[in-house]
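First comes the structure, then the notes that go with it.
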Amino acid sequence: MDFIVRPARTAAAAAGALIAVLVLIGPLQAADSGGAVDAAPARAGDVGAVDAVVATAQAARADRVRRLALNDPLFEGERLETGADARLHATMRDGSVLMLGADAALTLDRFVLDQGVAGAEMRVLRGAFRLISGEINKGLGGGLTIRTPLATIGVRGTDFWGLQREDSLLMALIDDGELSITLPSGTVVLSDPMTLMRFQRGEALPTLETLTPEGLTQAAETVALPE
């Protein structure tokens, strides 16, 4: 039987939401320039563009692998991978902001902007990631789904962070919205900002806690660009 958990809002959670804005939300910067980066113009067939790369990142599709650089387009079906100590930031065509930390892998399985059939699906295979969702699951009314080896996550208009390790998953709801996290044993719904879920493979239930300012800072650092 599915279990639904809706943690009650606390004063700490409400205060944490403001801290989240101060710590996590800021201008994307190119590692080699130190300045703000404008989103790249749309190109035929692309679903997004690279805003910043630190160290090495690549995109692979079928038998083609390319090293990513500033303003490079991203395409549906590609697998994005980052190297050791790397970062990759991108803006998708609907305005979503995607951030990957070091040694991360994510596939862009589906990204459709057409009204009535809009939707996006991504698979996080490993590593730290953060996503600020855009118009697909807001103005266009489509669904945004994130899959990992341990969970399927339905996203409703929000800003969230996660870390997929081999046998564990952390998910944090940063801003207003909702994450519906389906695990092998049931579904957890996170609807209050600054709520953190921990899940270990083989355990029946996840644990839930309020994300502290210190925890938020540590999470932010896993995907943040160097100052």
At 7 Å along the Cα-to-beta-carbon direction for both residue 221 and residue 178, put a label point, then send me their distance in nm to one decimal.
3.5
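Scan the stretch 164-206 for GluC sites (Glu not before Pro) in coil per DSSP, keeping those whose Cβ has at most 10 other Cβ atoms within 10 Å, and list them by number. Walk me through the numbers on the way to the answer.
Working: sites: 166, 178, 203; in loops: 166, 203.
When the GluC sites (Glu not before Pro) of the stretch 164-206 are filtered for loop state and at most 10 Cβ neighbours within 10 Å, 166 remain.
Dividing the alpha-carbon Rg of the stretch 105-210 by 2.2 N^0.38 Å yields what?
1.02
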Computed FRET value (nearest 0.05) for residue 208 with residue 168, which takes r as the C-beta separation and R₀ as 22 Å
0.90
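With all pairs of different alpha carbon atoms counted, what Kirkwood hydrodynamic radius in Å does the stretch 165-207 show?
About 10.8 Å, per the Kirkwood formula over Cα pairs.
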What is the set of long-range amide H partners of residue 102 at a cut-off below 5 Å, with H atoms built 1.01 Å from backbone N?
86, 128
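Only the coordinates and a few stated rules stand behind these numbers; no lab work does. Just so it is clear, the structure is predicted and the values come from calculations on it, not from any experiment. A quick note on method: Cβ atoms are made from the backbone with ideal geometry, for glycine too, and the neighbour counts reach across all protein chains shown.
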